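Colleague: The structure is given below, and queries will be raised subsequently.
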Amino acid sequence: MKVIVVAGAREFLFEIGLQDSVLDIKRRIQQLVGVPVAAQILAVSGWELIDGLDMEDYPIVIDGTRIELTVEPMMPLFSSYCRKIQIIVKFSARQINIEVDRTDTVRSLKEKIHLFDGTPIKRMSLFFSGVELDEDFRNLSEYGIHEFSEIVVFLKTMSRARDDPPSRKLSVAVQTSSCLLNSARIPVEMKDSGTVNEMRQLLLSRKILPQDDYLFIHKQRIMRDNCSLRWHGVDNGDILYVFKGTVSRSGN
């Protein structure tokens, strides 16, 4: 498919595939116009595109979509760069490198690991130098994490009896697009153990949404039909975006 990258008064036409990552597109922009990857912010309709995701993770990106390119000023960019560090995240049989900010919280690190690796946030226990990072609101710098620090990830067992907290009722909002119910915001209450498919059926059975195929997005990531709201890290007050369509994993 072809998309249009808009940079101020200039526009560039790119042909991309569903398997292309946001980072791949930024690299192509750097080759074409010379803007460093680290200085680029790409967004569609106000949604920032995250480096670790592919185009297939963004159903709003279709043929002819206009992607806005914002270039960060050099001075703030340099200041931000000085705070950024590379850390090594180790699992039992693999490891990944992630760039973080020294002021990032433990929670934001878990979210980045989830984006890169798909590991459910609720199952993560993070350790650094034998100490568990058990306070989500604390900054990484408060734990003494520095360049090339090794963070070890232990996965909590899925045994419901021992580890899963009891189900609780969530109050969330389902936000529609401008072409679906005129950008309505629909309040929904259901248990966090309920799946995305159950939420879809709830909205359809109450005739809140017209009969059609829908996909839901939470924090810029497509939600999986058979996984619970808890698995996706949905909390009270969160906004879930709904779009008509289905996700196809085949072809470009």
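Colleague: Would you confirm whether any residue within region 11-28 is at positive phi and in the same structural domain as GLY64 (by TED's automatic domain parsing)?
Modeller: Within region 11-28, none of the residues are at positive phi and in the same structural domain as GLY64 (by TED's automatic domain parsing).
Colleague: So which strands (runs of 3 or more DSSP E) stay within region 91-200 end to end and still have 1 or more residues that are without any contact (Cβ under 8 Å) to a residue 24 or more places away in the chain?
Modeller: The qualifying strands (runs of 3 or more DSSP E) are 95-101, 169-175, 185-191.
Colleague: Oh, and also: Do we find a residue being touching a residue at least 12 places away in the same chain (Cβ under 8 Å) and over 30 Å from LEU155 (Cβ atoms) anywhere in region 78-90?
Modeller: yes
Colleague: Scan region 7-24 residue by residue and report those that are in a strand (DSSP E or B) and surrounded by fewer than 14 Cβ atoms within 10 Å (Cβ to Cβ).
Modeller: ARG10, GLU11, LEU13, GLU15 - these are the residues of region 7-24 that are in a strand (DSSP E or B) and surrounded by fewer than 14 Cβ atoms within 10 Å (Cβ to Cβ).
Okay, residues lined up against (1) surrounded by 17 or more Cβ atoms within 10 Å (Cβ to Cβ); (2) of a type in the set (Phe, Trp, Tyr); (3) within 25 Å of CYS179 (Cα to Cα); (4) at pLDDT below 85:
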{"position": "ASN197", "(1), (2), (3), (4)": "no, no, yes, no"}
{"position": "ARG200", "(1), (2), (3), (4)": "yes, no, yes, no"}
{"position": "SER205", "(1), (2), (3), (4)": "no, no, yes, no"}
{"position": "LEU209", "(1), (2), (3), (4)": "yes, no, yes, no"}
{"position": "ILE217", "(1), (2), (3), (4)": "yes, no, yes, no"}
{"position": "GLN220", "(1), (2), (3), (4)": "no, no, yes, yes"}
{"position": "ASP225", "(1), (2), (3), (4)": "no, no, yes, yes"}
{"position": "VAL242", "(1), (2), (3), (4)": "yes, no, yes, no"}
{"position": "SER248", "(1), (2), (3), (4)": "no, no, yes, yes"}
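Colleague: Now for a different question. I'd like the residue in region 25-58 that is crowded, with 18+ Cβ neighbours inside 10 Å and of a type in the set (Val, Ile, Thr) and, out of all such residues, is farthest from the chain's Cα centre (by Cα).
Modeller: ILE29
Colleague: Another question, if that's okay. Looking at region 91-122 only, could you name the residues that are surrounded by 15 or more Cβ atoms within 10 Å (Cβ to Cβ) and more than 22 Å from HIS232 (Cα to Cα)?
Modeller: Listed by number, the residues that qualify are ASP101, ARG102.
Colleague: Among the residues of region 29-74, what is the count of those that are of a type in the set (Ser, Thr, Tyr) and either without any contact (Cβ under 8 Å) to a residue 12 or more places away in the chain or on the phi > 0 side of the Ramachandran plot (or both)?
Modeller: Total satisfying the criteria: 1.
Colleague: Something else: Might you check whether a residue that is under 30 Å from MET199 (Cα atoms) and at pLDDT below 90 occurs anywhere in region 132-143?
Modeller: First, the residues of region 132-143 that are under 30 Å from MET199 (Cα atoms): 136-137.
Of the ones still in play, those that are also at pLDDT below 90 are 136-137.
Scanning region 132-143, I find at least one residue that is under 30 Å from MET199 (Cα atoms) and at pLDDT below 90, so the answer is yes.
Colleague: Another question, then. Assess whether VAL61 counts as being in a loop (DSSP other than H, G, I, E, B), modelled with pLDDT of 85 or more and surrounded by 15 or more Cβ atoms within 10 Å (Cβ to Cβ).
Modeller: So VAL61 fits the description; yes.
The values are calculated or read from the model by the stated rules, or taken from the named source; none is laboratory data. These numbers were taken from a predicted model, which means no experiment stands behind them. Quick reminder, even Gly has a Cβ in these numbers, built from the backbone with ideal geometry, and neighbours come from all protein chains shown.
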